[in-house]
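Okay, structure first, notes after.
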Amino acid sequence: MTNVNSSFGTGVAPGDSKSCRVTLASNDDVAAVTAFYEQKLGSSDWKVTAFVSSTGEVRFQRVSRPATVGIVDLLGRGQQTEIQINLDS
């Protein structure tokens, strides 16, 4: 993990009470990391709502609470990938 930023109460999107932003790094290439997030966010209580391959953006939503949404941005850095996750709830 390279960076974490959490907010509660004010300063979050309208209708939300919490926001979390996390930056991670992986030694896997962007294709492997993309496949991982698409698989994990397409199962259980989560669903992928959009994938924009040109920008490496995966949008997702919680099935049991549709107001909980997030974006995973995948940035290729050679053989490594930077992962930026934004979750609003």
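Results, tabulated for the structure shown:
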{"quantity": "Inter-probe distance in nm under a simple model that places probes 7 Å from Cα toward Cβ, at Thr23 and Ser43", "calculated": "3.0"}
{"quantity": "Integer Hz, Karplus 6.51/-1.76/1.60 couplings in order for region 73-89, x for Gly and Pro", "calculated": "9, 10, 10, x, 10, x, 8, 10, 9, 8, 10, 10, 10, 10, 10, 10, 9"}
{"quantity": "Convex hull volume per residue in cubic angstrom - Cα atoms of region 26-89", "calculated": "68"}
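Rule-based calculations on the coordinates, nothing more; no lab input. Keep in mind that this is a model prediction, so the values were computed, not measured. Cβ atoms come from the backbone with ideal geometry, glycine included; neighbour counts cover every protein chain shown.
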